[in-house]
Amino acid sequence: MRRRLRLIWRAWFGRAVFEADLESELAFHLAERRDALVEAGGTPEDAARQARLELGMLESHKEACRGSRGLLALESLLGDLRYAGRGLRRSPGFTATALLVLGVSIGANALFFTVYRAYVSKGAPRGGGRACDVVARDRTGAERDSFSRAEANEIVAAGAGAFASAYLTAEVRLALRQSTQSAAYGRAVSASYFRGLGGRPRLGRSLIREEDSVQAEVPGVVLSDSGWKRLLGADPAPLGRPLILSGTSFQVIGVLGPEAADFEALQPQLWISLAALESLRSRNLEDPPTYGVRGTLLPGISIEQASGVLGGLRFREAGADEQQSPVVVEHRGLLSAGDAPGIRLAAVPVFLAFALVLFVACANLANLSLARVAAREREIAIRLSLGAGRARVVRQLLVESLVLSILAALIALPFCAGAILPLQRLAMRPIEALGVDPTPISADGWTVVIALSLSVIAGLAFGLGPALQVTRRDLVVRAGGEGGRGRARLGPITLRRSLLVLQIALSLVLLVVASSLGRNASRSSLQQVGFDAGRILDAGSSRPSRELLRRLAATPGIAAVTTTSALPLAGNPGRQSVRVAGRSEALDFRAVDDQFFGTLEIPLLRGRSFVAAEAGSTARVAVVSAATARRLWPEGDALGQEIQVLAEASPTGPATAGHYEVVGISGDVMSDWFFQGTASSAVYVPAAFDERAPANVLVRAQGDSDRVLDSLRRVCAVAAPSAICEPAPLSRWLALQRAPFDVAGSVAAILGGAAGLISCVGLFGSVAFQVTRRRRELGVRGALGATPARLVGSVLMGAASAVLLGLALGLPLCAGLSVFLGAKLPGIVAFDGRSYGVVPLLLTTVALLAALLPALRAARIEPRTAIDEG
Amino acid sequence: MSTPPQSLLPGTLEVLILKAVSLGSEHGYGLLLRLQVMSRDALVIEQGALYPALFRLEQQGMIEAEWGLSEKNRRAKFYVLTAAGRKRLASDLKGWRSLVATMDLVLGARSLGLSR
């Protein structure tokens, strides 16, 4: 086999040598034969002629020799490539459009796959292996990826035969006290974590094994490159520097370089030991931490084998006394194996949207190529009649489309690779604003493989249909001349038209989805929230105290201070079962103090707010929002009505069960998720601040919010030294909620815009082509008295009917999607009137304009010349 | 008395070439002469068919080629048999002999040879 490949290689790339050898071998034969004939008595001239005659047709022997080396296939491929090159050079407009359209769609898809692979798909590389998670999977398939220290140790011990390195890890957020109070994001890890991280510490050392279980007198903290910059301002001499983290003194023992990238989605700023985390937790009276177990497998061990090694382990699940979950090993991306299924599900519609764009691109190019090959149909028909096999002609046309698509992928790849990081930054901006760096993702060999595979699929997809269509046997008759010009045949026209209709339908779907998402995201604008989310600041203290409240109230720039059991705009506080007017309901309770409505400036529409005495005594009174009142008591007056709380104390809701009397009706606010709109289940009950209960402190800023944020950090550092303090305006929660909608909306808008544009280019090309083809017919009609307007109209009619058919096909698709989305996300406006009204109108207008430009040429056709050409 | 020259049975050129090469390294023209001598001029091998067959056998790894000098000091391409070629020749010979024996049996039969 190797020999044969060597011969083929020599024949392909040592072409000149091969030809020269063949030439001299045959020349040698002729010379020897001539000598023999001369020796037999002939004259040299006669002998030479005789020798040539005996050997026969020299060229055909050479051809046969080349054929036996597989060179003919190469030659015909080179011929096809040259043919394709010539064809593409001859129509630069088509080539440029095709490269653009394919480049954009292939590049976008390669980008999506790269991002998806990095986060979700298997095998983030780590220290020469692929990253794995250990999970306990119960009978229902639900997975748990956090374990107690004892369980985790058991897994690591049992997995010694399968893992190259296994370690325990837990995410930590610690209060960092410097001149002000801030939060540091990091991980508690066992020492073996650093083995696979790559690179040596740039300064000092990493954690050692003893530190897993023994707490040093002054525990050490290892900083990442990002932590060193963000937390220490890139201090040139960081080693030994003290850091007060959640009230405990640590000292910096090492700094890692930027190459030590963790394979978590967010880069830790610091690492502390397991012993340090456990002692922090117990000192702050918190539950002991749970750990994820991660690692890389030994070479040659598969995840199935590793799961087998851990097969003996079974852990009892909380709340299910009898259930024992087996422990298995799974590959992971930047997201943990436990998160992956949810993301995978969410990625399906995104994947479909990207695939749709590639599909639209292919449909559009199929359309353009059909128009193009149809223009060459005479040439093709003649070649077919002259005996060229259909397969040969189809192959030639396919090589042309493949050259285009592969070239497009090669052009798109650098752009795609360069765009990943900026796009990731853009999407992660709300997270970066919290002071945490996302793990950068980059293009790799897979990006190239995916782009090239997609390009081959696309090339075949848009090339095969037109190639088969135009080489159909029944078309060969045309070469005879009788149908060579004039009316176009049914086949290509129908296919082209259907492709055009499909493109318009798909563009419509993408654009309507984009518009709906954008409209839903903009519904969260500040005016609609019900309070000024930019001026209401969450003090962000993990352990608020009376001291903190007192100091805040006295801080200049803070107009009012209040406490609540659940932050507005931070999701559902947790529903509570009640009975109202004989019905069972589940309502969102918030326990608030008497300052709540005043601080947030939520108007009391009727009745009254709470008084301090009620807050202190946990009186059984309640305030409901107007929307809640309307929903619960649609006919009667809500004031004076009763809500019966069934269960006892919940952490965020009413402290005691019993009948609560509605004493006030407040203005509507968006308090949970913005896409749920104004809350229609919001109930407020009074509660005084209690240091033992979970509570959030909100303040209203007067004047510059940024200055107030600084004051908050300073006050926190003094009043609650060991607590995390991350003050932020409530608008940041809103931004976080909006982020996925914004990203999805922008992606859909870009994709929809691209698809729409591609369709318009297709429409333009198609109409232009039609005008060229119907030149003679239009000329005759002009000569017979048709006005230019009429001629343009007749061309436009064809385009308009394709657009209308596209809309007719696309709108039901949109409606189906809206129904689906509406069912999945009850809070969003699925059928957004403006999206359904404006988008189709816009698309129609742009499409008709694209058709109008070439159609106008129909009016300029000079009847005489058009008929003469015929 | 010499028999008139015979044309080749289809598919037999390659085995003849292999046999000719198996007798020692030789160039294309020499192989042609060799076959003529071996068949006592009974076989006519079309000269043009020889070279594509040689290329095919080389491509299949049955023979190897090397450039050298002929007796008359001309640059010529010499072919030798490879191990694979030797194996192929042996199996082709076996097949050929069994075919000839079978053909002889059939063509030389005087009666059906079946007796009860």
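Would you call A:L384 over 19 Å from A:S105 (Cα atoms), of a type outside the set (G, A, S) and assigned to a helix (DSSP H, G or I)?
Against the criterion (over 19 Å from A:S105 (Cα atoms), of a type outside the set (G, A, S) and assigned to a helix (DSSP H, G or I)), A:L384 qualifies.
Can you tell me how many residues in the stretch A:578-616 are in a strand (DSSP E or B) and either of a type in the set (D, E) or more than 38 Å from the chain's Cα centre (by Cα) (or both)?
Qualifying residue count for the region: 13.
What residue, among those in the stretch A:233-276 that are aromatic (F, W, Y) and in a strand (DSSP E or B), is farthest from A:Y291 (Cα to Cα)? Can you show your working first?
The first filter runs over the stretch A:233-276 and keeps only residues aromatic (F, W, Y), leaving A:250, A:263, A:271.
Pick out the ones that are also in a strand (DSSP E or B) and you get A:250, A:271.
On the way: A:F250: 21, A:W271: 14 Å.
Step by step, filter the stretch A:233-276, then rank; the result is A:F250.
Testing A:F831 on (1) closer than 24 Å to A:N364 by Cα; (2) at pLDDT 75 or above; (3) of a type outside the set (D, E, K, R), one condition comes back false. Which one is that?
(1)
Between a residue in the stretch B:25-51 that is away from every other protein chain (no Cβ under 11 Å) and more than 19 Å from A:S68 (Cβ to Cβ) and any residue that is of a type in the set (G, A, S) and outside any helix (DSSP H, G or I), which pairs come within a Cβ distance under 7 Å, given they are 6 or more apart or on different chains?
B:D41/B:S2
May I ask you to verify whether A:A619 is loosely packed, with under 15 Cβ neighbours inside 10 Å, in a loop (DSSP other than H, G, I, E, B), touching a residue at least 60 places away in the same chain (Cβ under 8 Å) and more than 38 Å from the chain's Cα centre (by Cα)?
no
State which residue is nearest to the chain's Cα centre (by Cα) when the search covers only the stretch A:50-71 and only residues that are closer than 15 Å to B:F55 by Cα, at the interface with another protein chain (Cβ under 7 Å from one of its Cβ atoms) and of a type outside the set (G, A, S).
A:R69
Could you tell me which of the residues B:L99, B:L89, B:L93 is away from chain A (no Cβ under 14 Å), farther than 19 Å from A:R6 by Cα and buried (at least 16 other Cβ atoms within 10 Å of the Cβ)?
The match here is B:L89.
Condition first: modelled with pLDDT of 75 or more and either touching a Cys at 6+ places or on another chain (Cβ under 6 Å) or surrounded by fewer than 19 Cβ atoms within 10 Å (Cβ to Cβ) (or both). Now tell me which residues in the stretch A:670-687 satisfy that.
Listed by number, the list holds a single entry, A:S680.
Just one of A:V38, A:V101 is over 30 Å from A:G765 (Cα atoms) and more than 9 Å from chain B (Cβ to nearest Cβ); which is it? Quick ask: steps written out before the conclusion?
Values: A:V101 fails: over 30 Å from A:G765 (Cα atoms).
The conditions single out A:V38.
Working only within the stretch A:222-232, note down all residues that are among the small types (G, A, S) and either more than 20 Å from A:R173 (Cβ to Cβ) or in contact (Cβ under 8 Å) with a residue 60 or more places away in the chain (or both).
Scanning the stretch A:222-232 gives a single hit, A:S226.
Considering only residues that are among the aliphatic types (A, V, I, L, M), assigned to a strand (DSSP E or B) and either surrounded by 20 or more Cβ atoms within 10 Å (Cβ to Cβ) or touching a helix residue (DSSP H, G or I) at 6+ places or on another chain (Cβ under 6 Å) (or both), which ones fall in the stretch A:184-213?
A:A184, A:A188, A:V189
So, in the stretch A:277-315, of the ones that are in a loop (DSSP other than H, G, I, E, B) and charged (D, E, K, R), which residue ends up farthest from A:E154 (Cα to Cα)?
Filtering the stretch A:277-315 for residues that are in a loop (DSSP other than H, G, I, E, B) and charged (D, E, K, R), the one farthest from A:E154 (Cα to Cα) comes out as A:E286.
If A:A560 satisfies every condition in (1) surrounded by fewer than 22 Cβ atoms within 10 Å (Cβ to Cβ); (2) touching a helix residue (DSSP H, G or I) at 6+ places or on another chain (Cβ under 8 Å); (3) not in a strand (DSSP E or B) but one, which is the exception?
Checking A:A560 against (1) surrounded by fewer than 22 Cβ atoms within 10 Å (Cβ to Cβ); (2) touching a helix residue (DSSP H, G or I) at 6+ places or on another chain (Cβ under 8 Å); (3) not in a strand (DSSP E or B), the one that fails is (3).
Condition first: modelled with pLDDT of 80 or more, within 31 Å of the chain's Cα centre (by Cα), surrounded by fewer than 19 Cβ atoms within 10 Å (Cβ to Cβ) and among the aliphatic types (A, V, I, L, M). Can you find one or more residues in the stretch A:392-406 that meet it?
Checked the stretch A:392-406: at least one residue is modelled with pLDDT of 80 or more, within 31 Å of the chain's Cα centre (by Cα), surrounded by fewer than 19 Cβ atoms within 10 Å (Cβ to Cβ) and among the aliphatic types (A, V, I, L, M).
Answer with yes or no whether A:R608 is surrounded by 15 or more Cβ atoms within 10 Å (Cβ to Cβ) and touching a strand residue (DSSP E or B) at 6+ places or on another chain (Cβ under 6 Å). I'd like the intermediate steps shown before the answer.
Numbers: surrounded by 15 or more Cβ atoms within 10 Å (Cβ to Cβ): no; touching a strand residue (DSSP E or B) at 6+ places or on another chain (Cβ under 6 Å): yes.
In short, no.
Any residue at all in the stretch A:779-798 that is surrounded by 21 or more Cβ atoms within 10 Å (Cβ to Cβ) and charged (D, E, K, R)?
Looking for residues that are surrounded by 21 or more Cβ atoms within 10 Å (Cβ to Cβ) and charged (D, E, K, R), one finds none in the stretch A:779-798, hence no.
For the stretch B:52-75, what are the residues that are among the hydrophobic types (A, V, I, L, M, F, W, C) and either more than 7 Å from chain A (Cβ to nearest Cβ) or touching a residue at least 60 places away in the same chain (Cβ under 8 Å) (or both)?
The answer is B:A53, B:L54, B:L57, B:M62, B:I63, B:A65, B:W67, B:L69.
For the stretch A:721-742, which positions are buried (at least 21 other Cβ atoms within 10 Å of the Cβ) and of a type in the set (S, T, Y)?
none
Report the residue count in the stretch A:622-639 for those that are buried (at least 22 other Cβ atoms within 10 Å of the Cβ) and part of a helix (DSSP H, G or I).
3
The values are calculated or read from the model by the stated rules, or taken from the named source; none is laboratory data. Computed from a predicted model, the values in this text were never measured in an experiment. For neighbour counting, all protein chains shown are included, and Cβ atoms are generated from backbone atoms with ideal geometry for every residue, glycine included.
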